[in-house]
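The values are calculated or read from the model by the stated rules, or taken from the named source; none is laboratory data. Note that the coordinates shown come from a computational prediction; the quantities given were computed from them, not determined experimentally. As a convention, Cβ positions derive from the backbone with ideal geometry for all residues, glycine included, and neighbour counts pool all protein chains shown.
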Amino acid sequence: MSTEPAEQGLSLHHITVRFGGLLALDDVSLRVPPGRTVGIIGPNGAGKTTLFNVICGFVTPQSGAMTLDGKPFRARPHQLNRHGIARTLQGVGQFDGMTVLENVLVGARTKSSERDAWTALERCGVADQAHALPKTLPYAKRKRVELARALAAKPRILMLDEPAGGLDADEIRWLADLIQQAGTTVLLVEHHMELVMSVCDEILVLDFGKPIALGTPGEIRTDDKVAEAYLGAAA
């Protein structure tokens, strides 16, 4: 009987996804240890959101496996909360006929109380908008509501899909502080390089679905393959 401790956190092992003739993810492996912030970057169409969708159960890989704390893991989207995983969307997937508070409570329905929802709203600076309808708020405020809904679930893994999209410089600085003070594991897909480099402990770079680099922000900054595939092209 093995006495080796189980590997903690979320791990992806050799994930491959095809959509017809398109190879969306090509043998992707990644370990997300507890308490770390791991970024996933790459050009549009690199497979970043597809990787998120695999973790969340929206996409089934043709090969590969996932583990959570060393045990096989494959959740359906409606089961994520019970596994301690919360995700935001690229945009704002809110129910416009419900108040801000109601939206946050819906997102945290299985693990949270109304007090937790209020705490998340206060943490995200939108508690004063709790009884407003999301569609009446500026876009940046709606993004904060999206974050509050995820945080109210008290997730062990917080998945953020392009949270900086549509935000100005002040909002992005606020977002960086929130991520750094999240007190949980964060998996971040993002195009805003300054944000990624400032908050991530480790970064995975994808290009056409294939991992081309994995390392610290400093290592990624100086990687020639990354510069050619992404950072250089963006510049």
### Query
Going through the stretch 155-171 one residue at a time, which ones are touching a residue at least 60 places away in the same chain (Cβ under 8 Å) and in a loop (DSSP other than H, G, I, E, B)?
Pro155, Arg156, Glu162, Pro163, Gly165
### Task
Among the residues of the stretch 46-80, write down those that are under 20 Å from Pro34 (Cβ atoms), buried (at least 20 other Cβ atoms within 10 Å of the Cβ) and touching a residue at least 60 places away in the same chain (Cβ under 8 Å).
Leu51, Phe52, Ile55
### Summary
The number of residues in the stretch 172-218 that are part of a helix (DSSP H, G or I) and either in contact (Cβ under 8 Å) with a residue 12 or more places away in the chain or of a type in the set (A, V, I, L, M) (or both) is 15
### Message
Just to check your reading of the model, which residue among Leu178, Leu204 is within 16 Å of Val38 (Cβ to Cβ) and surrounded by 17 or more Cβ atoms within 10 Å (Cβ to Cβ)?
### Response
Leu204
### Residues satisfying the stated conditions in the stretch 70-104, i.e. of a type in the set (S, T, N, Q) and over 18 Å from Lys143 (Cβ atoms)
Gln79, Asn81
### Query
Can you find a residue in the stretch 60-70 that is touching a Ser or Thr at 6+ places or on another chain (Cβ under 6 Å) and β-branched (Val, Ile, Thr)?
yes
#### Entry: Complete set of residues in the stretch 202-219 that are under 23 Å from Thr88 (Cβ atoms) and in contact with a helix residue (DSSP H, G or I) (Cβ under 8 Å, 6 or more places away or on another chain)
Ile203, Val205, Leu206, Gly209, Pro217
### Query
Does Val104 satisfy the condition of being in a helix (DSSP H, G or I), over 30 Å from Gly218 (Cα atoms), modelled with pLDDT under 95 and not aromatic (Phe, Trp, Tyr)?
yes
## Note on the structure
Every listed condition ((1) free of Cβ contacts under 8 Å to residues at least 40 places away in the same chain; (2) crowded, with 16+ Cβ neighbours inside 10 Å) holds for Leu105 save (1)
### Task
Name, by its number, the condition in (1) of a type outside the set (Lys, Arg); (2) at pLDDT below 90; (3) buried (at least 24 other Cβ atoms within 10 Å of the Cβ) that does not hold for Glu114.
(3)
### Task
Test each condition in (1) within 24 Å of Glu171 (Cβ to Cβ); (2) surrounded by fewer than 19 Cβ atoms within 10 Å (Cβ to Cβ); (3) in contact with a Gly (Cβ under 9 Å, 6 or more places away or on another chain) for Arg31 and report the one that comes out false.
(1)
### Query
How many residues does the stretch 84-99 contain that are more than 14 Å from Leu151 (Cα to Cα) and either at pLDDT 85 or above or in contact with a Cys (Cβ under 9 Å, 6 or more places away or on another chain) (or both)?
5
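Table: residues versus (1) touching a Lys or Arg at 6+ places or on another chain (Cβ under 9 Å); (2) modelled with pLDDT of 95 or more; (3) over 21 Å from Gly218 (Cα atoms).
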site: Arg149; (1), (2), (3): no, no, yes
site: Ala152; (1), (2), (3): yes, no, yes
site: Met159; (1), (2), (3): yes, yes, yes
site: Gly166; (1), (2), (3): yes, no, yes
site: Ile172; (1), (2), (3): no, yes, no
site: Asp177; (1), (2), (3): no, yes, no
site: Thr185; (1), (2), (3): yes, yes, no
